[in-house]
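Notes to accompany the following structure.
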Amino acid sequence: MRAVYRSRLRPSDWAVLLEDPATVVRYHAKVYRRGPGECWYWLGAISDTGHGKLRGGTRSPGGPATRVVASHVFGYQLSRGILRSGDDGEVPLIRHRCDEASCHNPSHWMTGSVQDNALDYAERARLEGSPLTDRRGPARRAVAIRDAILAASGDVDQAIRRAIELGMPAVQGHLF
Ligand SMILES: [Zn+2]
């Protein structure tokens, strides 16, 4: 599993954003929800690593200051509570069981250590059909999927499948 993001905000900073109604509304508006077992892709800005970027806070006086945060780290804490450092003093990483960096289905998230992540990545990057084998890399893959969803006028699931297949070396050109 790739999907590495180390939280740089303190738990108290996260708490402020997680309690800001405008930030929570903005977050939910950017998640493309599907069935419980499927990947829920991010519709907002995408980082260099393929993760979603969420603007937290507000520009108007009275609310928390504006800052851009990793949307899946926000979402994880929204669904499961604030991340705190473990016995080793490190804040856990949020990892994606599905290897889709821009996925926001809470059931696809888990925590782990840097070492867990590195070991898994080496194994899983060799699996045929894994998102990790996408020739475009995680950021361009996430952008392609996002743009396909936003542009789709009919069958969104099919648009997603097409966007995915275009980056997959083994199956390109065979399924459609
Ligand atoms: Zn997923």
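The values are calculated or read from the model by the stated rules, or taken from the named source; none is laboratory data. Just so you know, these numbers come straight off a predicted model, no measurement behind them. Every residue, glycine as well, gets a Cβ built from its backbone with ideal geometry; the counts of neighbours run over all protein chains shown. Just so you know, the surface numbers come from the protein's heavy atoms only, side chains and all, with ligands and any DNA or RNA stripped out. Shrake-Rupley method; radii C 1.70, N 1.55, O 1.52, S 1.80 Å.
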For a paramagnetic label modelled at 7 Å from the Cα of Ser113 toward its Cβ, which residues of the stretch 87-106 fall within the zone defined by backbone nitrogen distances under 18 Å? 87-96
Quick shape check on the stretch 1-75: root eigenvalues a ≥ b ≥ c of the Cα gyration tensor, a/c under 1.5 is rounded, otherwise prolate if a/b tops b/c, else oblate, and it reads prolate
Please report, as a whole percent, how much of the solvent-accessible surface of the stretch 19-176 comes from carbon and sulfur atoms (probe radius 1.4 Å). 52
Once a ≥ b ≥ c are taken as the square roots of the eigenvalues of the Cα gyration tensor of the chain, is the result rounded (a/c under 1.5), prolate (a/b larger than b/c) or oblate (a/b not larger than b/c)? oblate
Add +1 for every Lys or Arg and -1 for every Asp or Glu among the other residues with Cβ under 10 Å from the Cβ of Asn105, and state the total. +1
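What percent does the relative contact order of the chain come to when contacts are Cα pairs within less than 8 Å and at least six residues apart? Don't skip to the answer; put the middle values down first.
On the way: 281 pairs, mean separation 43.1, N = 176.
Relative contact order for the chain comes out at 25 percent.
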J(HN,Hα) series, the stretch 105-113, from Karplus relation 6.51 cos²θ - 1.76 cosθ + 1.60, nearest Hz, glycine and proline x: 7, x, 6, 9, 9, 8, 9, x, 8
If you count only protein heavy atoms with a 1.4 Å probe, what accessible area per residue comes out for the chain, rounded to a whole Å²? 53
Listed residues Ser102, Ser12, Ser130; largest mean-square fluctuation, Gaussian network over the chain with Cα springs below 10 Å, found at Ser12
Return, in residue-number order, each cysteine of the chain whose C-beta is not under 4.7 Å from any other cysteine's C-beta. Cys98
Could you check the spin-label model distance between Glu38 and Arg10? Points 7 Å from the Cα along Cα→Cβ, value in nm. 4.2
